[in-house]
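The values are calculated or read from the model by the stated rules, or taken from the named source; none is laboratory data. All values reported here derive from a predicted model rather than from experimental measurement. Using ideal geometry, Cβ is built from the backbone for each residue, glycine included, and neighbour counts are taken over all protein chains shown. When the accessible area is computed, the model is the full protein with side chains, heavy atoms only, and any ligands, DNA or RNA have been set aside. Shrake-Rupley method; radii C 1.70, N 1.55, O 1.52, S 1.80 Å.
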Amino acid sequence: AIETLLCYLELHPHHWLELLATTYTHCRLNCPGGPAQLQALAHRCPPLAVCLAQQLPEDPGQGSSSVEFDMVKLVDSMGWELASVRRALCQLQWDHEPRTGVRRGTGVLVEFSELAFHLRSPGDLTAEEKDQICDFLYGRVQARERQALARLRRTFQAFHSVAFPSCGPCLEQQDEERSTRLKDLLGRYFEEEEGQEPGGMEDAQGPEPGQARVSALQDWEDQVRCDIRQFLSLRPEEKFSSRAVARIFHGIGSPCYPAQVYGQDRRFWRKYLHLSFHALVGLATEELLQVAR
């Protein structure tokens, strides 16, 4: 999901960022030759020299044979390229014989960890530009969500329009007319151009199948708010977002809030399937703001 948002910003006409290959941000370097070898390597490797200069020794009386540092902070402070710094550090593991030029290992161990996104972006954005970016991302995600829901609703209506009330009629004889109609509906579905709003079905912008309209939501509002407050009070250590609360009330699991755990509490899990998901998000937002105060 994060990578999708980053791609949206990269494809924006203003090119707010450039998404690069993922990289490791943490580096640990260990020298078997002790502090003397570490200092000698710093003389031939500027990134290591800068790193040692920026770090305060834990024990001024004794040197260290290893060092750990954040590569992103290092390259940002010096204006270097991350790839070139990584190559320079990796080269410390090898040395060349002065007479023969044969490469040999130095025994130095260089380890990288903590995989992270890597991107290039202007760092002097104004508050107005940041608001524009947030508005753009929110609008893009909302439009994509509406399009996906409309296509899902259209698929549901397509199958519903050719469905039989039971399996009996299907077993007795084939219905070529319904089969042809279904093929035509599916063909039009896959032939739609990306970004085109689905059409051809009535009530395209109506509520999702099985969900109540606004008038019905108002009848349930007090009960929903009460359940939200109770749910939040039972798990005060969790930092729920309004969307996470709505997902639980709709029975939609996530890595942070898996169905195997939260689905065991039937007081909340899938309780409000008949209500609009976005309406639940709105009510949860208001209750979370009340708790924050």
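What to note about this one:
- Subset of region 270-293 (residues that are in a loop (DSSP other than H, G, I, E, B) and open to solvent by 20 Å² or more (accessible area, probe 1.4 Å)): 270, 271, 273, 274, 276, 293
- Strands (runs of 3 or more DSSP E) fully within region 1-117 counting 1 or more residues that are surrounded by fewer than 15 Cβ atoms within 10 Å (Cβ to Cβ), among the aromatic types (Phe, Trp, Tyr) and more than 26 Å from the chain's Cα centre (by Cα): 94-96
- Any hit, region 211-218, residues being farther than 25 Å from residue 157 by Cα and at pLDDT below 95: yes
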